[in-house]
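Peer 1: This structure is in structure tokens; I'll ask about it shortly.
Laboratory data are not the source of any read-out in this text; all were calculated from the coordinates shown. Keep in mind it's a predicted model, so treat the numbers as computed, not measured. For neighbour counting, all protein chains shown are included, and Cβ atoms are generated from backbone atoms with ideal geometry for every residue, glycine included.
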Amino acid sequence: MLRVTNVTKKFGALTAVNNLSFEVSQGQVFGIAGPNGAGKSTLYNLITGLYDFKGTISFKDQDITGMPPHVIARLGIARTFQIPQTFPSLTVEKSIEVGSYFGSQKGFDKDHVDTVLAFTNLAAKRDAPTGSLNLLDKKMLMIGAALATRPEILMLDEPMAGSNASEIIQLMDLIRRINQDLGVTIIIIEHFMKVLTELTQTLLIIETGTEICCGDPREVTSDPRVIECYLGDSHD
Ligand SMILES: Nc1ncnc2c1ncn2[C@@H]1O[C@H](COP(=O)(O)OP(=O)(O)OP(=O)(O)O)[C@@H](O)[C@H]1O
Ligand SMILES: [Mg+2]
């Protein structure tokens, strides 16, 4: 569904993404992990059209290399950001409506907004200003606004960051439901290995922009190269 081929991104002398190739199949949850500064968020920025790069990226067999962000979003690729971004003065419902306006060719769809509010457990808070939400609800809202664009692929950037154990369980449940009930393909960048091994079918590990290994998450997390570069002592 999404094919990344020989993609390289340099910022001056720094190679942030180094000749990466991988493929995400329709319906799967695809995980990406690696140390800080490995190039994970940069990879999302390339897929969503924020920077130019060397190599090619295709979505559903269409070459999207060089397309601007709004066109890529309209094609069905949505993302969230590492730090939750909301419009503080808007209500929860209006924020979801923004996603609905932005993503839908038909314009804003009230029923779909209601569905997303229910799906993200935010229906009771629909009139609350987003600035009043706690971190978990802000994350639910950011994911809801992305869902409101009716994506075929949803790319999540460290959705668990800063969350406690019970919040992680709720976010994992949401991600599973988005994948299984809505049929949305998911790419997830995450540091929590337990989340990745429980949610994903394929896991890609990168370090300094380069692939270390890619495959079944249980095999990948027991690979000696991954333990050395990333998991280290915490794996023991
Ligand atoms: N716009 C930019 N200009 C210059 N350098 C950048 C830019 N964006 C990212 N970088 C650099 O590229 C490298 C990869 O950064 P990136 O944010 O993709 O890492 P990451 O894997 O997402 O890390 P983290 O786990 O900390 O979020 C880092 O060295 C970073 O400083
Ligand atoms: Mg990052």
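Peer 1: For the range 141-159, indicate whether the set of residues that are out of contact with any strand residue (DSSP E or B) (no Cβ under 9 Å at 6 or more places or on another chain) and surrounded by fewer than 19 Cβ atoms within 10 Å (Cβ to Cβ) is non-empty.
Peer 2: no
Peer 1: Residues being small (Gly, Ala, Ser) and touching a strand residue (DSSP E or B) at 6+ places or on another chain (Cβ under 9 Å): count how many of those fall in the range 104-140.
Peer 2: Taking the range 104-140 and keeping what is small (Gly, Ala, Ser), we get 104, 107, 118, 123-124, 128, 131-132.
Filter once more, so that each one left must be touching a strand residue (DSSP E or B) at 6+ places or on another chain (Cβ under 9 Å): 128.
Here the count works out to 1.
Peer 1: Name, by its number, the condition in (1) free of Cβ contacts under 8 Å to residues at least 12 places away in the same chain; (2) among the acidic types (Asp, Glu); (3) under 26 Å from Pro35 (Cβ atoms) that does not hold for Asp173.
Peer 2: (3)
Peer 1: Here is a follow-up. Filter the range 50-65 down to residues that are under 25 Å from Val98 (Cα atoms) and either away from ligand 1 (no atom under 15 Å from the Cβ) or touching a strand residue (DSSP E or B) at 6+ places or on another chain (Cβ under 9 Å) (or both), then give me how many there are. I'd like the intermediate steps shown before the answer.
Peer 2: Taking the range 50-65 as the starting set, the residues that turn out to be under 25 Å from Val98 (Cα atoms) are 50-51, 59, 64.
Those left that are additionally either away from ligand 1 (no atom under 15 Å from the Cβ) or touching a strand residue (DSSP E or B) at 6+ places or on another chain (Cβ under 9 Å) (or both): 51, 59, 64.
Within the range 50-65, residues that are under 25 Å from Val98 (Cα atoms) and either away from ligand 1 (no atom under 15 Å from the Cβ) or touching a strand residue (DSSP E or B) at 6+ places or on another chain (Cβ under 9 Å) (or both) number 3.
Peer 1: I'm checking my understanding of the structure. Among residues of the range 187-218 that are in a strand (DSSP E or B) and without any contact (Cβ under 8 Å) to a residue 24 or more places away in the chain, which one is farthest from Ile169 (Cα to Cα)? Even if it seems obvious, please write down each step before you answer.
Peer 2: Taking the range 187-218 as the starting set, the residues that turn out to be in a strand (DSSP E or B) are 187-189, 202-207, 210-215.
Add one more test, that the residue is without any contact (Cβ under 8 Å) to a residue 24 or more places away in the chain, and what stays is 213, 215.
Numbers: Cys213: 27, Gly215: 24 Å.
Across the range 187-218, the extreme among qualifying residues is Cys213.
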